[in-house]
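As structure tokens, the structure follows; a few thoughts come after it.
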Amino acid sequence: MDKLAVIYGTGTGHTGEMAEQIDDGARSEGLETELILLGNVTEDAPGGGRITSVDDALVIMDSADAVAIGSSTYNMLPVVFVEQLLKKAGSLDLSGKVGTAFGPYATRPKAVGIIIDAMKSWGMDVVEPGLQVSGAITGKIKQESRELGESIARALSEKS
């Protein structure tokens, strides 16, 4: 079974809401998924869930067939843990894997484009344009996020 790693960094929780919907959409199409919130170290998160270090996330990325990376835009860049992931991921062989990016922004949508550019430089087959949204995560945005997960599954099935 093909596997999707949904890796994200978040400040307000909006990126996490999108990540959960992408994960649900991909699973509804038969993909195995792993939802990964980036942090300093790998540990159980207060209130449930798990936080994963950048280095551990790289191992998961390397073993997955597809990767969706999410980040809000902060100071015109992805959040710090996603930025660290992008810098280190260039050392992996991700060519031919399916990838996409997603995330919310307040004023200027930059993070999704930065992530997609990185994925292209790694030789990934990118599902474009990804998904970038402004403001609160509404029902419409949740549906679009779910559809992005479904699109990743279709892109993987087309490669088989």
## Note on the structure
Footprinting proxy, Asp55, Asp62, Asp125: sorted fewest to most Cβ within 10 Å, the residues are Asp55, Asp62, Asp125
### Message
Based on alpha-carbon centroids, what's the gap between the range 59-75 and the range 85-157 in Å, whole number please?
### Response
8 Å
## Note on the structure
Treating only Lys and Arg (+1) and Asp and Glu (-1) as charged, each at its beta carbon, one finds that the chain has a dipole about its Cα centre, in Debye to the nearest 20, of 500 debye
### Message
7 Å from Cα along Cα→Cβ at both Ala136 and Thr12: what's the point-to-point distance in nm?
### Response
1.1 nm
### Cα shape, the range 1-95, gyration tensor, a/c 1.5 rule
rounded
### Query
Quick one: length gained pulling Glu43 to Met1 fully straight, 0.36 nm per residue minus the C-alpha distance?
12.4 nm
### Query
Based on the Cβ-Cβ distance from Asp62 to Thr107, what FRET efficiency comes out when R0 is 25 Å, to the nearest 0.05?
0.15
### Message
Report, in listed order, any pair from Lys110/Lys142; Lys110/Lys159; Lys88/Lys142; Lys88/Lys140 with a Cα-Cα distance greater than 26 Å.
### Response
Lys110/Lys159; Lys88/Lys142; Lys88/Lys140
### Pair Arg50, Lys87: separation of 7 Å Cα→Cβ label points (nm)
2.6 nm
### Message
Given 4 °C and 1.567 mPa s, compute D for the chain with the Stokes-Einstein relation, Rh being the Kirkwood radius over Cα pairs; round to the nearest whole µm²/s.
### Response
86 µm²/s
### Message
Can you give me the distance in nm between label points at Ser157 and Leu77, each placed 7 Å from the Cα along the Cα-to-Cβ direction?
### Response
4.0 nm
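Bear in mind that the values in this text are calculations on the coordinates, not laboratory data. Everything numeric here is computed off the predicted structure, so don't read it as measured data. Note that we place each Cβ from the backbone using ideal geometry, even for glycine, and neighbour counts take in every protein chain shown.
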